[in-house]
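Participant: Dumping the structure here so I can ask a few things about it.
The values are calculated or read from the model by the stated rules, or taken from the named source; none is laboratory data. Because the structure is a prediction, the values reported are computed rather than measured. Cβ: placed from backbone, ideal geometry, glycine included. Neighbour counts: every protein chain shown. The accessibility values were calculated without ligands, DNA or RNA, using every heavy atom of the protein model including side chains. Shrake-Rupley method; radii C 1.70, N 1.55, O 1.52, S 1.80 Å.
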Amino acid sequence: MAKEGAQRAEETEQMIEKEGGREAAEGSAGGSLRAADAKEMRAVVLSAFGGLNKLRVSKRVMPEPREGELKVRVKACGLNFLDLMVRQGNIDNPPKTPLVPGFECSGIIETIGDNVKGFEIGDRVMAFVNYNAWAEVVCTPAEFVYKIPDDMSFSEAAAFPMNFVTAYMMLFEVANLREGMSVLVHSAGGGVGQAVAQLCSTIPSVTVFGTASSFKHEAIKDSVTHLFDRNADYVQEVKRISPDGVDIVLDCLCGENTGKGLSLLKPLGTYILYGSSNMVTGETKSFFSFAKSWWQVEKVNPIKLYEENKVIAGFSLLNLLFKQNRSGLIKSVIDKLINLYNNKKIKPVVDSLWALEEVKEAMQRIHDRGNIGKLILDVEKAPTPLMANDSTETSEAGEEEEDHEGDNENKERMPFIQ
């Protein structure tokens with residue numbers, strides 16, 4: 001029996017060797033294809049700036065880490081309103097298409113580049129990425145990668161960096177939130193809005209005024225002190241409750257809301273612009289919406305600010321990270337936020353999970369302001385069969401949209417705002 005077993009093992013080894021030799025002899029073309037397949041990944045690709053039909057899941061070459069970088073096997077990606085603006089080309093100096101969108105993700109470290117310390121293969125992390133996040137694998141500098149707590153899920157981790165860092169820095173670094181202050185935040189049901197509400201609850205006696213679509217009110221009423229319909233005259237409502245106004249206004253809308261926000265500020269109050277969603281009205285970029293919003297923006301008079309003792313500011317997290325090299329500051333904020341999470345003071349609100357192939361439907365939900373909290377692209381989630389059918393490309397209006405050559409040429413650009 002032992003002799004037969006040894007003989008069988010020897011025959012098996014010979015078969016393996018023959019099979020390997022046969023594969024090697026099949027020709028360089030076949031071998032190259034298999035090598036390429038092993039290094040490919042799925043990614044959401046934006047072929048050109050425009051509507052939803054510019055997005056498709058495709059195979060891309062898997063990246064490898066350079067010096068100072070980490071390679072992360074992605075589990076979940078965050079989807080932000082900014083991503084809609086990127087898709088339309090409504091940002092300043094966008095990269096050339098085709099590109100892989102997305103700025104934040106979570107996953108597991110797979111490979112460590114040269115001269116990287118403090119991380120190990122297998123670490124669970126969340127990361128900022130300068131585009132390319134919506135893919136199965138990303139590579140990003142180690143300075144933009146942060147370990148996540150053991151009890152934080154990958155979907156929570158993907159919902160954490162952009163929303164909570166933005167909210168924290170506006171409240172505490174820019175506006176210096178303190179006990180007894182009042183805050184007005186627009187889109188209170190969104191990812192940043194919910195992060196703002198949670199962080200405000202960590203400071204005693206802070207009053208939060210919020211605007212949101214009426215159908216969200218029941219779900220978020222406990223997180224906001226005073227909640228108003230986004231289409232109502234919130235200025236009069238706020239003044240009725242607080243005749244002196246508020247200490248901090250966080251504006252992600254822009255347009256006419258800029259003037260309204262400034263009018264509501266108390267002396268020494270701070271208005272912060274961190275978005276301009278009023279400029280996104282349809283599936284593709286609208287010059288009319290762009291012009292209307294900027295025309296409605298309050299013309300800032302420094303003398304008036306001086307006389308009224310008001311502060312006006314702007315905040316762009318991605319510019320701070322990728323253009324202004326403040327990764328050290330962001331790391332310190334992440335550490336503070338993780339401490340708050342570990343002490344159960346804050347918790348990311350995840351609206352829903354979507355497969356990569358469902359990115360169009362996920363974007364539609366953000367466009368319709370239907371989300372409460374953060375939408376997440378779950379890389380391992382199987383798509384719903386109907387949503388995975390990409391044979392017909394439709395617009396937000398439900399009509400087929402044609403491709404136009406030169407869509408991304410000669411576009412007006414707006415400032416890069418997050």
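Participant: What do you reckon, is Val44 crowded, with 22+ Cβ neighbours inside 10 Å, modelled with pLDDT of 95 or more and in contact with a Gly (Cβ under 8 Å, 6 or more places away or on another chain)?
Facilitator: yes
Participant: Restricting to strands (runs of 3 or more DSSP E) lying wholly in the range 64-143: which have 2 or more residues that are at pLDDT 95 or above and open to solvent by 50 Å² or more (accessible area, probe 1.4 Å)?
Facilitator: 104-112
Participant: So, Ala175, is that one at pLDDT 95 or above, over 27 Å from Asn115 (Cβ atoms), more than 21 Å from the chain's Cα centre (by Cα) and crowded, with 22+ Cβ neighbours inside 10 Å or not?
Facilitator: It is true that Ala175 is at pLDDT 95 or above, over 27 Å from Asn115 (Cβ atoms), more than 21 Å from the chain's Cα centre (by Cα) and crowded, with 22+ Cβ neighbours inside 10 Å.
Participant: Ok, one more. Out of everything in the range 308-362 that is hydroxyl-bearing (Ser, Thr, Tyr) and in a helix (DSSP H, G or I), what residue ends up being nearest to Asn176 (Cα to Cα)?
Facilitator: Across the range 308-362, the extreme among qualifying residues is Ser332.
Participant: Given the structure, is Asp151 under 30 Å from Ser187 (Cα atoms) and more than 19 Å from the chain's Cα centre (by Cα)?
Facilitator: Taking the combined requirement at face value, the residue satisfies it.
Participant: Scan the range 343-369 for residues that are in contact (Cβ under 8 Å) with a residue 40 or more places away in the chain and over 20 Å from Ser153 (Cβ atoms) and report the count.
Facilitator: Within the range 343-369, residues that are in contact (Cβ under 8 Å) with a residue 40 or more places away in the chain and over 20 Å from Ser153 (Cβ atoms) number 8.
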